[in-house]
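To start, the structure itself, in C-alpha cells.
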Amino acid sequence: MQSFTALLSLLFLPLVTLPAVSAQGALICGTTGWDILGATPAFYALTNPAYSTAAACKKLCTSNKCGSFAVGNGTCLLYVGGVASTLNANTASLYAYYDAPCIV
C-alpha cells in the first residue's frame, strides 16, 4: 500500500509543481530600442499617423505576415524575423518592438 501511495504521488507531482506559463511565453512585447547593427532591416516602413500605434501597426503586420514590428516617432516598421534577431534594447529609444503574436 505504501508503494502504491508513493507511485500516485509521483504521478501527480508534475501537475502540482509546474509553474504557470504565460500565453506570451518568450515573446518580446513593447521593449524599446534600436535595430542591431548589421541586422536585416525592416522590409516595410510607413510614416503615417493612422499606423503609428501598436494596434494599427500590428494589423498591418498581420496582413503582411511579418515576424515582428516596431512603432515610434510616427512610424510603423515591419520585420521578417522576430524581435530577438533585430533589437538592441535601449530605454532612450522612441521605438517599441513587438513580436507579431504579442497582444497590444
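A few notes on this one:
- The length gained by stretching the chain between Ser52 and Asn64 to full extension, at 0.36 nm per residue less their Cα-Cα distance, is 2.7 nm.
- Relative to the current alpha-carbon distance between Asn90 and Ala39, full extension at 0.36 nm per residue lengthens the span by 16.8 nm.
- Rounded is the label for the range 40-104, because the ratio a/c of its alpha-carbon gyration tensor axes (a ≥ b ≥ c) stays below 1.5.
All of the numbers you see were taken from the coordinates with simple rules; none came from a lab. This one's a predicted model, so the numbers in the text were calculated from it and none came from an experiment.
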